[in-house]
Amino acid sequence: MASPPAHRQLDALPDDLLAEVLIRLPSLADLGRACASCASFRRVVTDRAFLRRARALHPPSLLGFCGASPGAGGFHFHPAEPPHPSAPAARGVLRAADFGFSFLPSPDPLGWVVRDVLGGRFLLDRDVVEEGAAAASRILAVCDPLFRRHLLLPQIPQDLAAASALRQSRRGDTFFAPIGEEECVAAVAETSFKVIWIAECADKLVAFVFSSVTGQWRATASVCWGDLSPAFSRPACRSMSRRSYAYGCFYWMMGDSGKNLLVLDMRRMDFSVLELPSSAPGHDIVECAIVEEGEGKIGMFAFRNYIAGYALQIYSAKMQNEGKAAAGKWSFETAMVVPFDEFGILGATSRELFLKVPPSFARGCYSLEFSTNPSCKYLESVRRVISGVPPSLSFLYVGYPPSLSSPSI
């Protein structure tokens with residue numbers, strides 16, 4: 001008598017033994033195919049405990065880019081295209097998710113603006129004019145477009161807002177922050193999140209934090225502009241540009257001088273200033289991204305403007321005991337000329353830099369991959385992830401295929 005097929009033999013195993021077999025599959029793509037092959041495999045793979053183990057072994061991958069498309073109906077997801085290895089999973093996300101956020105409770109779905117994307121969650125806000133109010137207030141929502149879930153965040157309590165002069169602020173930044181292991185238990189880790197609201201007031205900078213664990217806002221950091229740096233006494237020097245994150249700290253370039261980074265340390269909940277590497281007049285840094293380098297170092301991808309075009313320079317800095325980079329201690333690693341005269345940084349890791357490039361070069365989103373050799377960092381490859389993207393593209397979408405995803409709210 002012929003033996004039953006191999007998958008039927010596996011199908012007969014108890015779930016705990018089947019989990020030990022499936023967890024040894026070499027890639028997420030293999031897990032996805034196993035999940036789609038039969039009901040018993042899917043039952044095991046979609047179990048929360050199994051997904052936690054799988055995600056610990058396989059980090060999430062870049063699935064595409066997100067941004068508003070003027071004249072095309074609001075916010076859109078642009079999946080990674082072949083031959084990128086994430087293209088099949090990206091197409092699955094495009095089919096399964098609602099990136100129009102039609103599930104949000106609003107008479108005008110286009111009134112919502114996406115402010116950040118992290119871990120499959122989207123942070124959106126919109127202005128609401130309350131009856132009798134002198135100015136519009138903001139409502140924040142955290143959404144999971146893959147599972148069509150949302151949570152409207154409570155407004156910042158009036159006593160906190162009044163104490164920090166929040167109503168006087170119409171500028172700042174709202175974004176997700178990683179939630180510490182000590183702040184939630186494993187049972188709710190997948191659905192826990194933290195939101196930061198940075199308010200730029202006339203005389204100071206204030207940070208508010210919302211935790212999904214407590215369901216409350218709290219004011220956590222406040223500093224006067226003049227105490228940060230004399231340069232910030234001029235309002236033109238206070239504008240916060242693209243945000244980076246590394247080792248528990250957020251970084252923003254400040255103003256248009258290309259000389260300072262504003263730092264928010266999430267462990268100490270305080271603001272500070274980090275000086276950028278100096279340069280000859282007229283060659284200041286115009287855009288940068290801070291990344292985790294490992295071995296107690298942060299790295300920086302920095303673009304400088306020269307007569308012949310832009311140069312990409314790579315630096316690193318040792319972290320001090322309190323988790324901050326020592327001011328003025330940047331070490332130069334390497335530099336290269338980039339073949340385009342316009343660009344935008346979408347995100348970065350220690351070995352990848354993601355850029356959007358306009359039609360004057362070869363329109364699309366590119367991944368610049370670098371070696372991981374700490375003694376000699378060099379560009380290994382340039383790969384176009386998607387083509388024909390709108391100029392308003394703003395966010396990376398990093399995650400897992402729908403079959404290996406679970407609700408994040």
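Condition check ((1) at pLDDT 90 or above; (2) farther than 16 Å from Ile314 by Cβ) across all residues:
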position: Phe354; (1), (2): yes, no
position: Gly364; (1), (2): no, yes
position: Asn373; (1), (2): no, no
position: Gly388; (1), (2): no, yes
position: Leu396; (1), (2): yes, yes
position: Gly399; (1), (2): yes, yes
Practice prompt. Please state which one of Pro107, Pro154, Pro83, Pro79 is at pLDDT 90 or above and surrounded by fewer than 13 Cβ atoms within 10 Å (Cβ to Cβ).
Written response: Pro154
Worksheet item: Out of curiosity, is Ala29 closer than 23 Å to Thr349 by Cβ and at pLDDT below 85?
Response: yes
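Mind checking whether some residue in segment 159-177 is in a loop (DSSP other than H, G, I, E, B), open to solvent by less than 70 Å² (accessible area, probe 1.4 Å) and either modelled with pLDDT of 80 or more or not assigned by the TED database to the domain that holds Ser212 (or both)? Can you show your working first?
Keep residues of segment 159-177 that are in a loop (DSSP other than H, G, I, E, B), which gives 164-165, 169-171.
Narrowing the set further to residues that are open to solvent by less than 70 Å² (accessible area, probe 1.4 Å) leaves 164-165, 169.
Pick out the ones that are also either modelled with pLDDT of 80 or more or not assigned by the TED database to the domain that holds Ser212 (or both) and you get none.
No - not one qualifying residue is present in segment 159-177.
The values are calculated or read from the model by the stated rules, or taken from the named source; none is laboratory data. Given the structure is predicted, the values throughout are model-derived calculations rather than measurements. Heads up, the Cβs are rebuilt from the backbone with ideal geometry, glycines too, and the neighbour counts pull from every protein chain shown. Side chains are part of the model used for accessible areas, which takes the heavy atoms of the whole protein and leaves out ligands, DNA and RNA. Shrake-Rupley method; radii C 1.70, N 1.55, O 1.52, S 1.80 Å.
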